[in-house]
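This report refers to the structure that appears directly beneath it.
The values are calculated or read from the model by the stated rules, or taken from the named source; none is laboratory data. On a predicted model such as this, the values are computed, not experimentally measured, just so you know. Cβ atoms come from the backbone with ideal geometry, glycine included; neighbour counts cover every protein chain shown. Side chains included, ligands, DNA and RNA excluded: accessible areas come from the protein's heavy atoms. Shrake-Rupley method; radii C 1.70, N 1.55, O 1.52, S 1.80 Å.
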Amino acid sequence: MLIYDICNSNIEKSINQLSNILATPIEYLKGVGPHRADLLKKELDIYTYQDLLEHFPHRHIDKTKVNRIEDIHGDTEFIQVVGRLTSLETIGENRGRRLVGQLKDSSGILELAWFQSINWVEKNLTIGSIYLVYGRTGMFNNRPQIVHPEMELYVAAQAGAKNVLEPVYPSTEKLKARGLNGRQIAGLTKQLFSLIQPKDIEENIPVKQLQQLRLMARYEAFYKIHFPPSPEEFERALNRLKFEEFFIAQVRLNLIRLQRHRTSRGLLFEKVGDYFNDFYNNHLPFQLTNAQKRVLKEIRTDTARGHQMNRLLQGDVGSGKTVVALLSMLLAADNGFQSCMMAPTEILAQQHYSGLSELLKGLPLRLELLTGTTKVKKRREIHAALLDGSLHFLVGTHALIEDTVQFKNLGLVVVDEQHRFGVAQRAKLWEKAVVPPHVLVMTATPIPRTLAMTAYGDLDCSIMDELPPGRQPILTVHRNEMARASVMEFIRGEIEKGRQAYIVYPLIDESDKMSYEDLMQGYEQVKSFFPEPKYLISMVHGRQPAEMKQTNMDRFVKGETNIMVSTTVIEVGVNVPNASVMVIESTEKFGLSQLHQLRGRVGRGSEKSFCVLLSGSKLSREGRERINIMCATNDGFKIAEKDLELRGPGDIEGTRQSGALNFKLVSIVNDKELLEKAKTIAEQLLEEDETLSMAENLPLRSFLQKQKGKTGWSKIS
Ligand code: ADP
Ligand code: MG
């Protein structure tokens, strides 16, 4: 038995080595060698055969598609023509020296020009021969011309036209200089395929799913994405590999999620008790929306399961996330656990504290606020009460709660208005207890669905896509800065009706001197429109001491001041239902999600609200587009999608480092349907076989194991 085992493992070892041909360093490929290998590594990140295999062509030349010269019109189109080279001469001197040729087909004449390697080109072309010519056309002296065309003898081209579509690869100037242009890389790829066999490119989608979706086998797809026999086959190959990319990512994310469900011990919130019921029946000032009820149910299910909850709650501005959080905290209290709610700014923490205090009035629960300005004596008191368990709820800023606080039995952490709350931060919270508390992260802004699925796919997601009843849509308009006076008059009218207004300046970086001066100037200007004592103005910005910020904020919240002039410190969460106008200065300097958040500060009461976007008259195309979107819709989910389209996933906050978006072929903007499909299929598969131990799923499992560590996925668990 023992001998058998050893033999067996030896066989396995050598099989492994055999199948590892793709791990071979690229310098061993014939025609590469150490020097070119160095360049391939530096320029294209190609270290191994595998990397070369995954260096996909950016286009294919179709040798059967030939244009007629007379059909060539404007600039910059890629064309391919077949014609006879009728002349070739060098003209000009020194720097102006160039080689000019004429190519003739039955319809006309095309000029060809070379500025470099003239002697070499001249030597390799023969006047009178027929060539297949490919390149980007331009107009020179009113005649069509191709500069540095790709030339191939037509006979040869036809003879070699077994692969009708010839791949051309991304290359760089340095590589071209070393004899590795896009077409020469094709030669390497061709050679690579002569060395490998289908078994070397192991299948990673189970047969059942392959058949169900009519997908090409993996080897075939890799071969045909490089050397497709037809455009249709290319599409099928591309589709297969794109699907694979999403599918593997989805399987991985779902495995992380399921693994957490299975193995992470979590605190058990067994019952719904008196705190919850009393509040729900006697104190809740409104009916919950259906969306709120649904999410609450999800949280209730999560926390009653004995596993740790890690839930991302997405809801548009004003959808009522806070009260969902509070009800969850009451659930924790009913089961003897403490909760904390963390906010991104002091102002918001303060506001949550007063809002929650109001709601909890008359209930025997203790709530405290902990921020940078909490006095030492109070702070000590709070720390002690947290340790002895007499304090049920703590509201504070992120930093404070993460770093210094110890709880007796923390059961629930609510992270408000932030989806950037990363793994490292979550881990810090877990250190606070033997069994990690449940975590509810509430986003500042909806995340596009595709992004949520990829970058946050390891979390459980809840969506609140419904606003409380009675809200009036906010009317958003765009105005030129020149029209500021009339905007001020409009504000005056609203103030006379008893409303309040925000005027926000783009102080992105609080230390930015220029924009700070802009803010001060703006403040003076607003004051001149609205002189004291008839009007009162609050101003809040990041340079003020926290207490001053608070006082100014409080006065506006209480309705003592008419106008709030501020920077983006009021961006998220602030809730003053009586405010009905939001004026945003230099709108072009803000991103879409920020604009949407700012606008969300109004429209919180039952009065009609307005958002005025002021800008200069010179706008970039993207800036104008952002403004148009803002004027066209109030729907945060739609805006998030647009934002993703405009900026691309790499630029959306918090996703860059996640590693979840390092896709080679797919785009989460353009391949939405494929992503949905991959997600569904991955979930179905894992539902049947959560541990991937069925025989048919073993290849997938082994593929995932081999990939581990390679893609940085471990970072997001
Ligand atoms: P956000 O999701 O942006 O954090 P909030 O929790 O601040 O929204 O809620 C916005 C406003 O809506 C608050 O004044 C809150 O009291 C109110 N609200 C929340 N839920 C409801 C509801 N179901 N019916 C009516 N008003 C609600
Ligand atoms: Mg909120």
- Reported set for the range 292-317 where residues are touching a Ser or Thr at 6+ places or on another chain (Cβ under 7 Å) and in contact (Cβ under 8 Å) with a residue 60 or more places away in the chain is V295, E298, I299, Q308, M309, R311, L312, L313, Q314
- Search result, residues across the range 118-140 that are over 25 Å from R59 (Cα atoms) and over 44 Å from the mean Cα position of the chain (by Cα): I118, N119, W120, E122, K123, N124, L125, T126, I127, G128, S129
- Message: Regarding the range 604-624, can at least one residue be identified that is crowded, with 21+ Cβ neighbours inside 10 Å, within 16 Å of Q500 (Cβ to Cβ) and charged (D, E, K, R)?
- Response: no
- Look at the range 338-371 and say how many of its residues are in a helix (DSSP H, G or I), at pLDDT 90 or above, among the aliphatic types (A, V, I, L, M) and within 13 Å of ligand 1 (Cβ to nearest atom). 2
- Query: What are the residues in the range 450-468 that are among the polar types (S, T, N, Q) and within 10 Å of the chain's Cα centre (by Cα), if any?
  - Reply: T450, T454
- Based on what the data block shows, is Q292 part of a loop (DSSP other than H, G, I, E, B), among the polar types (S, T, N, Q) and within 13 Å of ligand 1 (Cβ to nearest atom)? no
- Message: Can you tell me which condition Q350 does not meet? The list is (1) more than 16 Å from ligand 2 (Cβ to nearest atom); (2) open to solvent by 10 Å² or more (accessible area, probe 1.4 Å); (3) touching a residue at least 40 places away in the same chain (Cβ under 8 Å), and all the others hold.
- Response: (1)
- Please enumerate the residues belonging to the range 246-277 that are loosely packed, with under 15 Cβ neighbours inside 10 Å, of a type in the set (D, E, K, R) and closer than 22 Å to E687 by Cα. R262, R265
- Query: Among the residues of the range 303-321, which ones are within 16 Å of ligand 2 (Cβ to nearest atom) and of a type outside the set (D, E, K, R)?
  - Reply: L312, L313, Q314, G315, V317, G318, S319, G320
- Item | Scope the range 538-572; condition within 16 Å of ligand 1 (Cβ to nearest atom) and either open to solvent by less than 10 Å² (accessible area, probe 1.4 Å) or in the same structural domain as Y353 (by TED's automatic domain parsing) (or both); matching residues | M553, F556, I570
- When residues of the range 574-586 are filtered for being open to solvent by 10 Å² or more (accessible area, probe 1.4 Å) and within 12 Å of ligand 1 (Cβ to nearest atom), how many remain? 3
